[in-house]
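Presented below is the structure to which this report refers.
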Amino acid sequence: MSTIDWTRVLLLWDPEDQARFGLKPSDFQSSGMDVLEARYDGIGSDAGLKRTILERNPHAIVFTRNDDMPGEPPIGPLLSSIRTGYTSVSAIDPSLQEEQTRACLSDLLVRHGEIVLPEPQPMSPTRRRGHGTFSLIFDLEQLGGARFAMPRLLPLLETRGIRATFFVTGFIAEIYPGLMQRIVDGGHEIGVHGATHEWLQGLSLERQIQSIRGQVDLLSAFGPIKGANFIFRMNAVSPEAVRSSGLSYFVLFRKHLFHKTRSMASSCRPRTLSTPSGDIAFLPISVETYGMKQYEIQAMAGGARRTALQEGHGHFSVLMHPFKDGAGSRMDATERLIHRLTKEMDLDSIPLSEVSLPEDTCGEPVSILYRWDGNEPSAQADSTVPERIRSWWAPVLYHSRRTENIADGLEAQGVSTVLCSDVSGRARRICVFPDRLPHGRRLCADPILRSRRATRKAAVLLEKTDSVTIGPGPLWREAVHYLIYHVPRRFHDVRTLFLRLWYKIVARDDRD
């Protein structure tokens, strides 16, 4: 049984598509889909198109171009503004745009496709050399990535002994069931990515559970399902929905970004998030290749490895996309990254299902309000702080690091802690600005710059009160802290800063 309501799927059809691909809009309308004609060279500036789509209220949009095709149509901003699911039937190799898109459209029309895939390669057992491990993750959401990238990626991975994790949408699983079985037969893991890559934000807990369970049931026909990826599409109740759907973990971004003037490290180790119905683990993604240049990817991988070793967990994850990293023009870069991870860094590869998860909490730990995507409601907004300070404390990029530093510092002092998306009703609780607890003590200390001092002060306050809010100090002090924190720390920071400036100058010269 299909988990997709195809009558609520909208195909965005360019007037040139019929001549280029040999199919008519009426062909898809006859199959039960809705079709809307729109020129792809104007979708980023057509306000009327957005209004029309919202009026039709689709569950998902199907694009015949992705943002790598000639003209680079801005489909991402359109999706973000209307917050609906999507897939693409676009080619992944510009030189084969018509041929590849035509094949994907034909698969979409009958909602089934056969992909010629090589037989699984025998893999040697994981060596566990003690140098650490990594997980390769692929978000499999576009038909072109499934049909044309997977025959390239699977043998590349398997000949190098890599068992990856593929988060798969219902679109892909229902149209290419043979591919699902081949992924599992190759020793890889599959996980939930949504029926239509939909947004969970705005849905009730019950609706979210229903949606996720439908995908678990669909994918379980091919193998065990343990995790989900709804990055940037979750809200505060989504972790509980994932747990209530029988899954063990979800993933989120904690990328080792080069931000402004320096590389910013993020925690690589799995952590526990407490929900009203029990605990669930979240696994951070430290490296992403999407839209990144090679020097940035290499720097992210190097920083992630250093952090993983410092934390003692020794593991980090890399997120990739078949329609990007499996394109013909990018396969060399994908091979170089794999060589970097397996040969130069001497790391072993494991799927996320084999990553050691933290144990569930017990007793009455200190509950710390945690933001992962920035879409969670605050405990109580603190609007008295100047905007300059808010821009330095409020973004998830900084907030998560401060929160995790407090949790780690308290644990090091023997205080049991747990991260939560809601601390109401908790016995002992901590919030970090911009969240503010209505009662309790306020602590002006910065856990991102002076974590030990902030932790000691928080521990002392917890002996006197059950509620602590950690926030910024005076504007002058925060300005100094901001400048100190953003001073480049390593030679690689200076090198990356120079390269970024160089590429901006080159790009500007190209435009001129």
- Task: State whether the residues of segment 310-330 include one that is in contact with a Ser or Thr (Cβ under 7 Å, 6 or more places away or on another chain), surrounded by 16 or more Cβ atoms within 10 Å (Cβ to Cβ), of a type in the set (F, W, Y) and outside any helix (DSSP H, G or I).
- Result: yes
- Query: Can you tell me which residues in segment 358-404 are in contact with a strand residue (DSSP E or B) (Cβ under 6 Å, 6 or more places away or on another chain), outside any loop (DSSP other than H, G, I, E, B) and charged (D, E, K, R)?
  - Reply: R402
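Checking the condition among the hydrophobic types (A, V, I, L, M, F, W, C), in the same structural domain as V318 (by TED's automatic domain parsing), at pLDDT 95 or above and under 26 Å from V423 (Cα atoms), which residue from A228, A236 passes?
On the way: A236 fails: at pLDDT 95 or above.
Sole residue among the options that is among the hydrophobic types (A, V, I, L, M, F, W, C), in the same structural domain as V318 (by TED's automatic domain parsing), at pLDDT 95 or above and under 26 Å from V423 (Cα atoms): A228.
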- Query: What number of residues within segment 346-357 satisfy the criterion of being surrounded by 16 or more Cβ atoms within 10 Å (Cβ to Cβ) and either small (G, A, S) or part of a loop (DSSP other than H, G, I, E, B) (or both)?
  - Reply: 7
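Just to verify a result, which residue in segment 460-512, among those that are among the β-branched types (V, I, T) and within 23 Å of H259 (Cβ to Cβ), is modelled with the lowest pLDDT? Explain how you work it out, then say what you get.
At the first step, the residues of segment 460-512 found to be among the β-branched types (V, I, T) are 460, 465, 468-470, 480, 484, 487, 494, 496, 505-506.
If we keep only those that are within 23 Å of H259 (Cβ to Cβ) as well, we get 470, 480, 484, 487, 494, 496, 505-506.
On the way: I470: 94, V480: 93, I484: 92, V487: 89, V494: 84, T496: 82, I505: 80, V506: 72.
It comes out as V506.
Can you pull out the strands (runs of 3 or more DSSP E) entirely within segment 21-124 that have at least 2 residues that are free of Cβ contacts under 8 Å to residues at least 60 places away in the same chain?
Details: elements: 34-37, 60-63, 85-88.
So the answer is 34-37, 60-63.
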- Query: Say we look at segment 395-437 and pick out the residues that are among the small types (G, A, S) and crowded, with 21+ Cβ neighbours inside 10 Å; which of these is farthest from H481 (Cα to Cα)?
  - Reply: S421
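Take the residues in segment 451-469 that are hydroxyl-bearing (S, T, Y) and not in a loop (DSSP other than H, G, I, E, B); name whichever of them is farthest from the chain's Cα centre (by Cα).
Step one: filter segment 451-469 for residues hydroxyl-bearing (S, T, Y), giving 451, 455, 465, 467, 469.
After this cut, where a residue has to be not in a loop (DSSP other than H, G, I, E, B) as well, the list is 451, 455, 467, 469.
Working: S451: 27, T455: 29, S467: 32, T469: 29 Å.
So, considering only residues that are hydroxyl-bearing (S, T, Y) and not in a loop (DSSP other than H, G, I, E, B), the one farthest from the chain's Cα centre (by Cα) is S467.
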- Exclusive hit being in contact with a Cys (Cβ under 6 Å, 6 or more places away or on another chain), assigned to a helix (DSSP H, G or I) and not aromatic (F, W, Y), set T307, T334: T307
- Message: Taking the criterion of being loosely packed, with under 13 Cβ neighbours inside 10 Å and in a loop (DSSP other than H, G, I, E, B), would at least one residue in segment 482-492 satisfy it?
- Response: yes
- Note on the structure: With criteria (1) surrounded by 14 or more Cβ atoms within 10 Å (Cβ to Cβ); (2) under 21 Å from the mean Cα position of the chain (by Cα), P365 comes up short on (2)
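The values are calculated or read from the model by the stated rules, or taken from the named source; none is laboratory data. Computed from a predicted structure; not experimentally measured. FYI the Cβ positions are ideal-geometry reconstructions off the backbone, even for glycines, and counts take in every protein chain you see.
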